[in-house]
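Undergrad: One structure, as structure tokens, below. Some questions next.
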Amino acid sequence: MTVRNANEQAFAVGTVSVAVVRSFIDFAVINGANHRALLELAGLIEKDLEIDDDRLPLELFESVVRISKALTRTASLPILFASNADFSEVSIAGLIANSSRTMLDALVQLNRYSRLAFDTPVAGKHPLSFERTEVADWIVERRALPNPFPELTEITFTYLITGPRRFLPEPHVIEVQVTHDEPEHRNAYDEVWNCPVHFNAPVNAIRLPKWVADQALNLQPSYAFGILTHHADQLLEQMNNCDSFAAELQTMILASLHTGEVSIDWVANQLKTSRQSIYRKLKSEKTTFRELHDGLRKQLALRYLRAGKVSAAEVAFLLGYAEPSPFFRAFKRWTGRGPRAFMQECKHSL
């Protein structure tokens, strides 16, 4: 395949840095995956993985993760991957966090720069929020629609849980809540996270004792902070310059797609603008609202069906269809076969 970098928006719902994808592939190979087979099954070539700061679609990384789990026969591979490497080893965002003054400062920097590693749609301003109560503090993941790709939550939370253990004086996690179902590899959660874990929770969140926020870090020399943030700001600027109106709309649609209310009139009302203004902006980016809406539904349908956690009829409702039959027709138009046939192919492809 050809690398889709940051200025090629297409219909990618989020992107991942090449450095992260390559690191995961290398870890999978160490754990028994055949390198050539993994790349071929994921639709990658070596050239796609050459430049650390290039971007690849989040959907492609999801495929890499699922294929790697199958080839290594290790369902807990994402947790093992993140527990065996500090986040600073795969992203400049991790280095900046380690250069922060306190743990709370590190979280602020992760919110600012983590999209350099994982740029995913979020339900709010930041991918992580820090929420304080009288008895405990919470780190809450704000990724939109996390359940179709729970492995990304596994990776993110494993970094947040295991990374600080290298320097904190005592255990710092009281409990973890995740929105997805309890998986077959539940024992890996217990062994690596080493704390109570609650599945099917309302939010993805980590509960911390009150002392953690003010715990000193400064794991890197203080002058390194300025050098690293300068480079990271340049990378963010490049990504921001490549953002488009279509990408902004895509994030908005994603959060409400399941309601079935998404339409051009709904978007115009949300943005407090006219239909004509939306049509003009999308036309300047050589797309239409229908193409954007349809493309997003297609990509999410493929993701849900590959995961195999919900039925084809349930996918229809998750995508905002009033009944399954219009979704079945749309899926056949997109792929040339019905959703149930596609699910069977996915089960037997590896």
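Just so you know, all these numbers are worked out from the coordinates, no wet-lab data involved. Just so it is clear, the model here is predicted, and its values are computed rather than measured. Cβ placement follows ideal geometry from the backbone for every residue including glycine, while neighbour counts extend to all protein chains displayed.
Undergrad: What angle do you read, to the nearest 10 degrees and between 0 and 90, between the alpha-carbon axis of helix 289-307 and the longest principal axis of the chain?
TA: 60
Undergrad: Can you give me the angle between helix 275-284 and the longest principal axis of the chain, using Cα atoms only, in degrees from 0 to 90, rounded to the nearest 10?
TA: Roughly 80 degrees between the two axes.
Undergrad: Same structure again: Can you tell me the order of 317-328, 96-107 when each peptide is scored by its average per-residue count of other Cβ atoms within 10 angstrom, highest first? Working shown, then result.
TA: Details: 317-328: 16.3, 96-107: 21.2.
Packing proxy ranking, top to bottom: 96-107, 317-328.
Undergrad: Where nothing but the Cβ of Lys and Arg (+1) and of Asp and Glu (-1) is charged, how large is the charge dipole of the range 22-83 around its Cα centre, in debye to the nearest 20? If you can, show how the numbers build up before the last one.
TA: Working: 7 positive and 10 negative charges, 80 e Å.
The dipole magnitude comes to about 380 debye.
Undergrad: While we're here: Using packing as a proxy for protection, rank 266-279, 127-140, 288-301 so that the peptide with the highest average count of other Cβ atoms within 10 Å comes first.
TA: Numbers: 266-279: 13.3, 127-140: 15.2, 288-301: 18.4.
Averaged packing, sorted descending, gives the order 288-301, 127-140, 266-279.
Undergrad: Here's another thing I want to ask about it. Could you give each residue of the range 314-331 its phi-based ³J(HN,Hα) in whole Hz, using Karplus coefficients 6.51, -1.76, 1.60 with θ = phi - 60°, and x for Gly or Pro?
TA: Calculated HN-Hα couplings, in order: 5, 4, 4, 6, 4, 8, x, 7, 5, 8, x, 4, x, 5, 4, 5, 5, 5 Hz.
Undergrad: Per-residue counts of other Cβ atoms within 10 Å, averaged by peptide: what ranking do you get for 41-47, 57-63, highest first?
TA: On the way: 41-47: 15.1, 57-63: 20.7.
Averaged packing, sorted descending, gives the order 57-63, 41-47.
Undergrad: Can you give me the long-range amide H partners of E175? Hydrogens built in the peptide plane at 1.01 Å from N, cutoff under 5 Å, separation of 5 or more residues or another chain.
TA: Those lying under 5 Å, H to H, from E175 are R207.
Undergrad: As an exercise, take the mean of 1/r over every pair of distinct alpha carbons in the range 23-95, invert it, and state the Kirkwood radius in angstroms. Working shown, then result.
TA: On the way: mean 1/r = 0.0784 Å⁻¹.
That comes to 12.8 Å for the range 23-95.
Undergrad: Output the Cα-based Rg and Dmax of the range 62-166 in Å, rounding Rg to one decimal and Dmax to a whole number.
TA: 14.2, 46
Undergrad: Amide H to amide H under 5 Å from V122: which residues, 5+ apart in sequence or cross-chain, H placed 1.01 Å off N in plane?
TA: For V122, whose amide H was placed from the backbone, the distant partners under 5 Å are A144.
Undergrad: Determine the principal axes of the Cα atoms in the range 243-350, then give the extent along each, sorted from largest to smallest and rounded to whole angstroms.
TA: 46, 25, 21
Undergrad: Spelling out what I want: for every residue of the range 39-49, take phi, set θ = phi - 60°, compute 6.51 cos²θ - 1.76 cosθ + 1.60 (Karplus), and round to whole Hz; glycine and proline get x.
TA: 5, 5, 5, 7, x, 10, 10, 4, 4, 5, 10
Undergrad: Using only the alpha-carbon atoms, how far is helix 150-162 inclined from the longest principal axis of the chain? Give it as 0 to 90 degrees, nearest 10.
TA: That helix lies at roughly 10 degrees to the long axis.
Undergrad: Convert 20 °C to kelvin, take the viscosity as 1.002 mPa s, use the Kirkwood radius over C-alpha pairs of the range 108-214 as Rh, and evaluate the Stokes-Einstein diffusion coefficient in µm²/s, rounded to a whole number. Don't skip to the answer; put the middle values down first.
TA: Working: Rh = 14.3 Å.
Stokes-Einstein gives a translational diffusion coefficient of 150 µm²/s.
Undergrad: Putting +1 on Lys and Arg Cβ atoms and -1 on Asp and Glu Cβ atoms, find which of G94, H258, P148 reaches farthest to the positive end of the dipole of the chain.
TA: Result: H258, furthest along the dipole toward the positive end.
Undergrad: Calculate one ³J(HN,Hα) per residue across the range 333-338 by plugging θ = phi - 60° into the Karplus curve 6.51 cos²θ - 1.76 cosθ + 1.60, and present them in order as whole Hz with x for glycine and proline.
TA: Calculated HN-Hα couplings, in order: 5, 6, 10, x, 8, x Hz.
Undergrad: How high is the relative contact order of the range 97-141, in percent, counting Cα pairs under 8 Å that sit 6 or more residues apart? Display every interim value, and only then the final one.
TA: Details: 33 pairs, mean separation 10.8, N = 45.
Computed value for the range 97-141: 24 percent relative contact order.
Undergrad: Taking just the alpha-carbon atoms of the chain, what radius of gyration and Dmax come out, in angstrom?
TA: For the chain, the Cα-based Rg and Dmax read 20.5, 60 Å.
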